[in-house]
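Student: Take this structure, written in structure tokens, and hold onto it; I'll ask about it next.
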Amino acid sequence: MGFGALADRRLDAVGRVTISRFLIRRLLTAIPTLILISFVLYAIISLAPGDPLSQFAANPAVPPEVRDNIRRSLGLDQPWPVRYVKWVVALVQGDWGFSFGSRIPVWDLIKMRIPATLAVVGVAYIVSLMIALPIGILSAVKQYSIFDHVATSFAFIGFSVPTFFTGLLLIIILSVKLQWLPFIYDSTLKVTDFASLGTQLKQSIMPITVLALFQTATLVRYTRASMLENLPQDYVRTARAKGLAEYGVIGRHVVRNSLIPVVTLVALTVPTIFSGAIITEQIFRVPGIGSLLIASIQNNDIPVIMAITVTFSFLVVVMNIVADVAYGLLDPRIRYD
């Protein structure tokens, strides 16, 4: 084995050790961060006005001693710091607790909502990525062209118009006026054949369009701005002076460096796939995680609220670490030590 090959292997080993140390440091930082987030969330939810057992309090048929027994069985008679410690201990053991409202395990309740969220929010996110990145890159390469003006106008409109307005507009046009699509999401629909698959696609078009429009507009703006920042750089002029083809200059050099800030945005928005689109799911009555969170907040269902918010916080922390690692893959100048 030559000296150069041996040196490369040693450098690769050093790089792997450096990345491992970086990941360990970030994970050690993430643990107290998540504990602090969960503590603050639990305190805010517990101190907020509202009674998780308000449905029993408003029912005169339920005797006071029964209400007291239910409150005691749920631990609501104890101070909230004590309940938080018990919640953490149960969470470490893999127990998410029981929903105060539905009386079923929280994780089972979330699992029932995840498919609807992935079918709408997840698909919308993938569609927005597939559309936004090529449009943003081409818009920057053809700056001030007709395509650039159209793409920029689309991005500003999509970013500025709120999702609830876009959703209501689509309902009025496509459901009320044209009667092409259903405006209420049928949560009981089961896909068993091509007919039910077509019905599922039809009822998913509008919520996916609303979410994809907003996310695409945001990604187009970031991608275009990052590309325009890198196109005038010296390394681009050097690559062109060496005779490299234009698509090679753009694809191998400009796009790779321009994706670094875009990776941050993508990493921070990936957790929203789990948390769901709260407003859009409410408009179209999609039985996803977002609508479950709203219903749980209204009912002061602490175990469900904590499960969703803490999971979302965990995904944000993890995706930030993934983004930091991706920086080094996109730009070798970034070091982890």
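The values are calculated or read from the model by the stated rules, or taken from the named source; none is laboratory data. Predicted model only: the values in this text are computed from it and were never measured. Note that each Cβ is placed from the backbone with ideal geometry, even for glycine, and that neighbours are counted across all protein chains shown.
Student: If we only count helices (runs of 4 or more DSSP H) wholly inside region 46-132, which ones have 2 or more residues that are in contact with a helix residue (DSSP H, G or I) (Cβ under 8 Å, 6 or more places away or on another chain) and modelled with pLDDT of 80 or more?
Tutor: Of the helices (runs of 4 or more DSSP H) lying wholly inside region 46-132, those with at least 2 residues that are in contact with a helix residue (DSSP H, G or I) (Cβ under 8 Å, 6 or more places away or on another chain) and modelled with pLDDT of 80 or more span 80-92, 106-117.
Student: Quick test for you: out of SER139, SER153, SER175, SER196, pick the one residue that is of a type in the set (S, T, N, Q), in a helix (DSSP H, G or I), over 22 Å from the mean Cα position of the chain (by Cα) and buried (at least 19 other Cβ atoms within 10 Å of the Cβ).
Tutor: So the residue among SER139, SER153, SER175, SER196 that is of a type in the set (S, T, N, Q), in a helix (DSSP H, G or I), over 22 Å from the mean Cα position of the chain (by Cα) and buried (at least 19 other Cβ atoms within 10 Å of the Cβ) is SER139.
Student: In region 262-282, which residue that is over 12 Å from the mean Cα position of the chain (by Cα) and among the aliphatic types (A, V, I, L, M) is nearest to LEU292 (Cα to Cα)?
Tutor: ILE279
Student: I want to confirm something. Restricting to region 92-107 and keeping residues that are aliphatic (A, V, I, L, M) and free of Cβ contacts under 8 Å to residues at least 60 places away in the same chain, which single residue is farthest from GLN298 (Cα to Cα)?
Tutor: Applying the filter and picking the extreme gives VAL92.
Student: Could you say which residue among ARG256, ARG252 is in a helix (DSSP H, G or I), touching a Leu at 6+ places or on another chain (Cβ under 6 Å) and modelled with pLDDT under 85?
Tutor: Testing whether each residue is in a helix (DSSP H, G or I), touching a Leu at 6+ places or on another chain (Cβ under 6 Å) and modelled with pLDDT under 85 leaves just ARG256.
Student: Show the residue pairs meeting these rules: Cβ distance below 6 Å; 6+ apart or different chains; first residue within region 6-33 and closer than 23 Å to VAL317 by Cα and surrounded by 12 or more Cβ atoms within 10 Å (Cβ to Cβ); second residue at pLDDT 55 or above and acidic (Asp, Glu).
Tutor: THR18/ASP337
Student: For region 156-168, which positions are out of contact with any Pro (no Cβ under 8 Å at 6 or more places or on another chain) and either of a type in the set (Val, Ile, Thr) or part of a helix (DSSP H, G or I) (or both)?
Tutor: PHE156, ILE157, GLY158, PHE159, SER160, VAL161, THR163, PHE164, PHE165, THR166, LEU168
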